[in-house]
Amino acid sequence: MEQPSLKQIWQAILGEAELTMSKANFTTWFKSSFIHNYEDETLTIGVPNGFTRAWFENKFSKEISQIFHKITGNKPKEIKYIIKLKPQENQASQSFLESGPVEKSESSEKIATETKKEKPIDSAYNQACLSAGLNPRYNFDSFIVGKHNELAHAACWAAVRKPGETYNPLFIYGGVGLGKTHLLQAIGHELIKAGKKVLYVTSEKFTNDYVEAVYHGQANSFKSLYRNVDLLLVDDIQFMAGKDGTQQEFFHTFDQLHRANKQIVITSDRPPRSMKAVEARLITRFEWGMVADISQPDLETRIAILNTKCQQKQFSLDREILEYIATNINNNVRELEGALNRIMGFCQFHNQEPSLMIVQQVLKDFFASIQANNLSTPQKIIEAVANFYNINVSDLLGSSRKRELVGPRQIAMYLLRIKVNASFPSIGQEMGGRDHTTAMHACTKIEKDLISDNKLKQDIDQISQSITSTY
């Protein structure tokens, strides 16, 4: 087996780092970083600017050293940082004021040319994807469909076939690492092929662009960028919560695009009605079209996802190893890829063929870390229910019999029973000192309602994901 490239080692490190921080932080600090060199037990990392270098030095050097050691078995004695542009840097990730709409330039032409050498795709398509901010890996061909996501997948294809007509907006929600961004960008790839103008942004980037535009008096340029597209893709809309100015601007952007029959696709970690501190008029508009959820994949789907990722990475694992990983990771796809990256990094660095014994040893700490992060406690469960239904914990535990409190209270009792196997008396105590018969009644009622109430099942799935997910 060939020794891994520095890029492969860094990808394995990124897979680990992505599990320990929010998507926004990960994108901000790691997207433009790379391993420049590893020699004489010194790891040299390239970063785009001095600000990023200072952040790495103060915040993440220790973690990088630990992850590198876990993956390769070698611990660097020193980590150095140099300011250097990442090869084939994606210019579409720059801020609004630095880039605006991405235009053809010498650097972008070079990227398109180099990409074309790697894969014979039309350069105009490459340039359009670059300008739109799309990841070439996130297409429909590489997306694994299962029972947990088939509705969302079908809705996305419907939006592709009749953009702006069938489902507009299309709102996709689900827990962390379940494929929302993948589906979102897959729509973008298909409509770019159809000659449409596409723009993908996170809600953080929309917010930052809006703030910069207001500060520098460039509101018209901002509106031109966001309102003159055929497809607007907005990821993690929940992070607009509490940002009144951003929400107002997005409201007007949404309305103008919708009136012009331009397709809008949005993702969130929760359904519209469960989003706190978001204007009611926005929530209403999010529900105009189609709302589709993605839940956790079953075992067979997780195995299929792992197998597909192995093919993409040209790395072979036996069926028993795939089953072992998929059985121990049932939370999200990102953790599956993180485990695969760790195995690849270790085996390639040590020039060893992967065996079940090696994989078990390599992933021992990884699984322990996941279990620690996913460990449910009564307090976590109660807080998760309160957050999901936008109510105070004190009200949830209180004596009020209002309808909007009784349902969530019963769900909290049910989750305490199935998540931490709490006894009925202890559930009563956790829930404000109630009698154990109240807890018994609540659990029995929820179990009965789950048989026929799909909305209740979706709510409980979402709450469960919020308890076990790391951000």
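The values are calculated or read from the model by the stated rules, or taken from the named source; none is laboratory data. This one's a predicted model, so the numbers in the text were calculated from it and none came from an experiment. Heads up, the Cβs are rebuilt from the backbone with ideal geometry, glycines too, and the neighbour counts pull from every protein chain shown. We work out accessible area using only protein heavy atoms, side chains counted, and drop any ligands, DNA or RNA first. Shrake-Rupley method; radii C 1.70, N 1.55, O 1.52, S 1.80 Å.
The residue that is most open to solvent (accessible area, probe 1.4 Å), counting only those in the stretch 249-261 that are of a type outside the set (A, V, I, L, M, F, W, C) and within 25 Å of the chain's Cα centre (by Cα), is Glu249. For the stretch 433-471, what are the residues that are at pLDDT 80 or above, surrounded by 14 or more Cβ atoms within 10 Å (Cβ to Cβ) and either among the aliphatic types (A, V, I, L, M) or in a loop (DSSP other than H, G, I, E, B) (or both)? Residues satisfying the conditions are Arg434, Ala439, Met440, Ala442, Ile446, Leu456, Ile460, Ile463. Every condition in (1) more than 28 Å from Lys196 (Cα to Cα); (2) open to solvent by 60 Å² or more (accessible area, probe 1.4 Å); (3) in a helix (DSSP H, G or I) holds for Gln296 except the one numbered (3).
Being modelled with pLDDT of 95 or more, of a type outside the set (Gly, Ala, Ser), within 21 Å of Pro271 (Cβ to Cβ) and in a helix (DSSP H, G or I) is a property that Phe250 has. Residue check: is Gln410 assigned to a helix (DSSP H, G or I), under 26 Å from Thr438 (Cα atoms) and open to solvent by 60 Å² or more (accessible area, probe 1.4 Å)? It is false that Gln410 is assigned to a helix (DSSP H, G or I), under 26 Å from Thr438 (Cα atoms) and open to solvent by 60 Å² or more (accessible area, probe 1.4 Å).
So is Lys196 part of a helix (DSSP H, G or I) and open to solvent by 20 Å² or more (accessible area, probe 1.4 Å) or not? Spelling it out, it is not the case that Lys196 is part of a helix (DSSP H, G or I) and open to solvent by 20 Å² or more (accessible area, probe 1.4 Å).
What are the residues in the stretch 127-143 that are outside any loop (DSSP other than H, G, I, E, B) and surrounded by 15 or more Cβ atoms within 10 Å (Cβ to Cβ), if any? Result: Gln127, Ala128, Cys129, Leu130, Ser131, Ala132, Phe140, Ser142. Applying the criterion of being of a type in the set (Lys, Arg) and more than 11 Å from Val265 (Cα to Cα) to the residues of the stretch 144-193, the residue that is surrounded by the most Cβ atoms within 10 Å (Cβ to Cβ) is Lys193.
Apart from one condition, Thr27 fits all of (1) over 30 Å from Val201 (Cα atoms); (2) among the hydroxyl-bearing types (Ser, Thr, Tyr); (3) at pLDDT below 70; the exception is (1). If the condition is being out of contact with any Leu (no Cβ under 9 Å at 6 or more places or on another chain) and without any contact (Cβ under 8 Å) to a residue 24 or more places away in the chain, then the stretch 392-417 contributes Asn392, Val393, Ser394, Ser400, Arg401, Lys402, Arg403, Glu404, Val406. Quick one: which of Ile82, Ile64, Ile45 is open to solvent by 50 Å² or more (accessible area, probe 1.4 Å) and modelled with pLDDT of 80 or more? After ruling out the rest, the residue left standing is Ile82. Just one of (1) modelled with pLDDT of 85 or more; (2) in a loop (DSSP other than H, G, I, E, B); (3) not charged (D, E, K, R) fails for Asn421. It is (1). Looking across Gly179, Gly188, one residue alone is under 26 Å from Lys457 (Cβ atoms) and in contact (Cβ under 8 Å) with a residue 24 or more places away in the chain. It is Gly179. On the stretch given as the stretch 268-288, residues that are of a type outside the set (A, V, I, L, M) and open to solvent by 30 Å² or more (accessible area, probe 1.4 Å) total 9. In the stretch 322-347, the residues that are among the aromatic types (Phe, Trp, Tyr) and modelled with pLDDT of 85 or more reach residues that are open to solvent by 10 Å² or more (accessible area, probe 1.4 Å) and not in a helix (DSSP H, G or I) with C-beta atoms within less than 7 angstrom, at least six apart or across chains, in these pairs: Phe346/Gly73. Is the stretch 394-401 home to any residue that is open to solvent by 30 Å² or more (accessible area, probe 1.4 Å), assigned to a helix (DSSP H, G or I), at pLDDT 90 or above and hydrophobic (A, V, I, L, M, F, W, C)? Scanning the stretch 394-401 turns up at least one residue that is open to solvent by 30 Å² or more (accessible area, probe 1.4 Å), assigned to a helix (DSSP H, G or I), at pLDDT 90 or above and hydrophobic (A, V, I, L, M, F, W, C).
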